[in-house]
Amino acid sequence: MGIAERYEETSREVAAICQAAGRDPLAVRLVAVSKTVGAEGIAQAIEGGATDLGENRPDRLMEMHDRFPQVRWHFIGNIQSRRIRDIVGRAALIHSLHEERHARKIDEAAREQGIVQDVLLEVNVSGEESKSGTAPDEALALLRCCEELRNLRAVGLMTMAPQGDPQAAREAFAGLRELLESLQGELPPERREGFSQLSMGMSEDWPLAIEEGATLVRIGRRIFSDAF
Ligand SMILES: *Cc1c(COP(=O)(O)O)cnc(C)c1O
């Protein structure tokens, strides 16, 4: 099976899991994480129907955005101040904001471009030291900072679950959903619908994430590696 077929199969499975979980398949977006393949692999995913692709390095985002401008690009990597100008505007959605100083820089770069940049707040739900993200009890302060900025719009939360432990992954996903609900309660009613995205679930655990309410799943190896 090639990349196009694996994309199609994954997309069908996402819809099937949604159905089984009693969720609308249109409410979950599949982000194909293409960081391990070249332009040829990306072209195959697009042929298979991919509309949303994710990259974790600014140089790759720039290159692939320019080659495939029709794609909705997602930035899922570590944010560095000096690369923020390269990401803003190219990424339809930045999944990995977890520092106030970066929020301010993204806002500034977006203002210069005359756009509003959508972002997700990355939260370290499991508390693993190796993971980036804001602590759950600091997410409200970060959200309040974002709400002050006019050219940045926080649209939800993102997390990475512990790998290799399905129960721990499910708990992390459920924890992110609960945090989203509690943060929505802090926002004015008219902002709640716009702060409702949950980016969670990767190749090993995406079905659990959908069951727990994911609206964006980020899948790499399941689509791009024939060894997975
Ligand atoms: C690489 C990556 C993914 C995809 O992981 P797979 O296990 O290959 O599906 C998802 N999210 C982030 C943040 C990543 O860096």
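Some points to look at:
- Only residues that are open to solvent by less than 20 Å² (accessible area, probe 1.4 Å) and either assigned to a loop (DSSP other than H, G, I, E, B) or in contact with a Pro (Cβ under 6 Å, 6 or more places away or on another chain) (or both) were counted across the range 1-36, and they come to 3.
- The range 44-70: number of residues that are surrounded by fewer than 23 Cβ atoms within 10 Å (Cβ to Cβ) and either out of contact with any helix residue (DSSP H, G or I) (no Cβ under 7 Å at 6 or more places or on another chain) or free of Cβ contacts under 8 Å to residues at least 12 places away in the same chain (or both): 12
- Some residue of the range 165-172 being part of a helix (DSSP H, G or I), open to solvent by less than 10 Å² (accessible area, probe 1.4 Å), at pLDDT 95 or above and within 14 Å of the ligand (Cβ to nearest atom): yes
- First in the range 205-226 and within 11 Å of the ligand (Cβ to nearest atom), second anywhere and modelled with pLDDT under 95 and open to solvent by 10 Å² or more (accessible area, probe 1.4 Å), Cβ under 9 Å, 6 or more apart: Asp205/Gln163; Gly220/Phe228; Arg221/Ala227; Arg221/Phe228; Arg222/Phe228
- Qualifying position, being over 22 Å from Glu212 (Cβ atoms), at pLDDT 95 or above and outside any helix (DSSP H, G or I), among Ile106, Ile42, Ile115: Ile115
- Selection status of Gly41, within 16 Å of the ligand (Cβ to nearest atom), out of contact with any Asp or Glu (no Cβ under 8 Å at 6 or more places or on another chain), open to solvent by less than 40 Å² (accessible area, probe 1.4 Å) and farther than 20 Å from Asp86 by Cα: yes
The values are calculated or read from the model by the stated rules, or taken from the named source; none is laboratory data. Note that the structure is a prediction, hence the values are computed from the model and not measured. Because the Cβ atoms are built from the backbone with ideal geometry, glycine has one as well, and the counts that use them run over all protein chains shown. Note: areas computed on protein heavy atoms with side chains; ligands, DNA, RNA excluded. Shrake-Rupley method; radii C 1.70, N 1.55, O 1.52, S 1.80 Å.
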